[in-house]
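Some notes on the structure that comes next.
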Amino acid sequence: IPWSIISSCDAPLLTTLYKRSLDPGGTMLLQGMLRMDPPLDAVKKIIDAFPLSCVDMEGFFTACQFAQPRTSRRMRPVALDFNICGKMTAANDIEDDDVGDVVRLIMHKTILARRSNNIGWSMVAFLGHPHVNISHAKLLLYNNPDALIDAAHGAFGVSPLDRMASGYFIHGDPIEWAEKLRLALKVAAYLRTNKKEGVETVLPEGFFRPASSFSSNSRAGSPSPESFFPYHELIRLITSEDFRGHKFGVSGWMNTLEACTSSDPNAFLRPDNLGNLPIHAALGSECNTMLGLKNERRLIKHLLSLDKNMALCREGGNACVDKRLPLRMSIENGWPVYDLIIDAAL
């Protein structure tokens, strides 16, 4: 297709030339065009002519799959003129070079189209979609982090984060999916300590840079105080009384744990900066989960199966002789797993 012809047309001319009896909103036109990796200015012309063409998510998914960053940078006389509360500026720190201006434009126009048509769900609700890669996920989370933990942005009153943690929607490459989950958990941890009621959250610039992450190569190490520990956060989420992922099924979270272990074999064996393991994150709070007795036992049994020595690991590490062992923690907090801990310790 000679993209220069499309780029030279104005919106009224494009709407006149396109026969829209079977595609009144131009949705099929936009998606078909995106599959041919068009330049940015041509995409903008089509969206200006057919503003409802990206009201559903398929246009965004198609752009994520086919739009190459090189193309949009090679031919872009059109400048992107949007900046939502500085979020797109902050998102410029994404180091992966696989999010081009076409994807950013489609994302922005999809947000506007969905909002104007009273579609309440944020695009964050589709974080786990296989066509949304890690860089796209970062962009979505930068745009609307608050939606990640908002039950209004998911089916059955389940937030996008709880939906991912439920384990029933692991699409595409499980290793890439697990990385997207880690990104989401990092945002959730930030919201837990920084979210202000009635104020829209803006993630700080550089939020997803690896400097504040963990080392997946070492089991112990000396993490810094600002390090983030996604698997502790995941266990806290699953064992929280506010977890709603169980609405999709009571045991799907095991799929989540297995996906995390597949991408990081030491996922649930690595202590945090206080020396606590993920099993301590579970047993350290009162047993008031939504999992039910059977699955509470199944969770602890799974963690112990990864390394039975965890049954003898104290809070804060074994150097802290005055700290509690898992057995005492389970009894004090009402976890019905003391027999499992004893068996593992013997």
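A few notes on this one:
- Tally, over the stretch 291-306, of residues that are in contact with a His (Cβ under 9 Å, 6 or more places away or on another chain) and either among the acidic types (Asp, Glu) or open to solvent by 20 Å² or more (accessible area, probe 1.4 Å) (or both): 1
- Of 309, 333, 266, 288, all but one fail to be over 20 Å from residue 169 (Cβ atoms), polar (S, T, N, Q), open to solvent by 20 Å² or more (accessible area, probe 1.4 Å) and within 21 Å of the chain's Cα centre (by Cα); the exception is 266.
- Qualifying residues in the stretch 11-32 (those that are free of Cβ contacts under 8 Å to residues at least 24 places away in the same chain and under 16 Å from residue 66 (Cβ atoms)) - the one surrounded by the fewest Cβ atoms within 10 Å (Cβ to Cβ): 32
- Flag if residue 283 is of a type in the set (A, V, I, L, M) and open to solvent by 30 Å² or more (accessible area, probe 1.4 Å): no
- Residue in the stretch 136-156 that is under 11 Å from the mean Cα position of the chain (by Cα), open to solvent by 40 Å² or more (accessible area, probe 1.4 Å) and within 19 Å of residue 257 (Cα to Cα) present: no
- Filtering the stretch 187-202 to residues that are open to solvent by less than 30 Å² (accessible area, probe 1.4 Å) and out of contact with any Ser or Thr (no Cβ under 7 Å at 6 or more places or on another chain) leaves 187, 188, 189, 201.
- The C-beta contact set for the stretch 324-345 (first residue among the basic types (Lys, Arg), second residue open to solvent by 40 Å² or more (accessible area, probe 1.4 Å), distance under 8 angstrom, 6+ apart or interchain) comprises 324/314; 324/332.
- Within the stretch 104-135, considering residues that are over 19 Å from the mean Cα position of the chain (by Cα) and open to solvent by 10 Å² or more (accessible area, probe 1.4 Å), the one modelled with the highest pLDDT: 109
- Which listed residue is among the acidic types (Asp, Glu), within 21 Å of residue 29 (Cα to Cα) and either surrounded by 15 or more Cβ atoms within 10 Å (Cβ to Cβ) or at pLDDT below 50 (or both), from 96, 101, 81: 101
- All helices (runs of 4 or more DSSP H) inside the stretch 163-275 with 2 or more residues being over 29 Å from residue 318 (Cα atoms) and either modelled with pLDDT of 90 or more or of a type in the set (Lys, Arg) (or both): 174-194, 253-263
- Hey, residue 314 assigned to a loop (DSSP other than H, G, I, E, B) and open to solvent by 30 Å² or more (accessible area, probe 1.4 Å) or not: yes
- Lone qualifier among 47, 5 - being among the β-branched types (Val, Ile, Thr), within 27 Å of residue 121 (Cβ to Cβ) and in a helix (DSSP H, G or I): 47
- Residue within the stretch 258-266 that is over 17 Å from residue 178 (Cα atoms) and in contact with a helix residue (DSSP H, G or I) (Cβ under 6 Å, 6 or more places away or on another chain) present: no
The values are calculated or read from the model by the stated rules, or taken from the named source; none is laboratory data. Keep in mind it's a predicted model, so treat the numbers as computed, not measured. Here the Cβ is made from the backbone with ideal geometry for all residues, glycine too, and neighbour counts use every protein chain on show. Heads up: the accessible areas ignore ligands, DNA and RNA and are worked out on the full protein's heavy atoms, side chains in. Shrake-Rupley method; radii C 1.70, N 1.55, O 1.52, S 1.80 Å.
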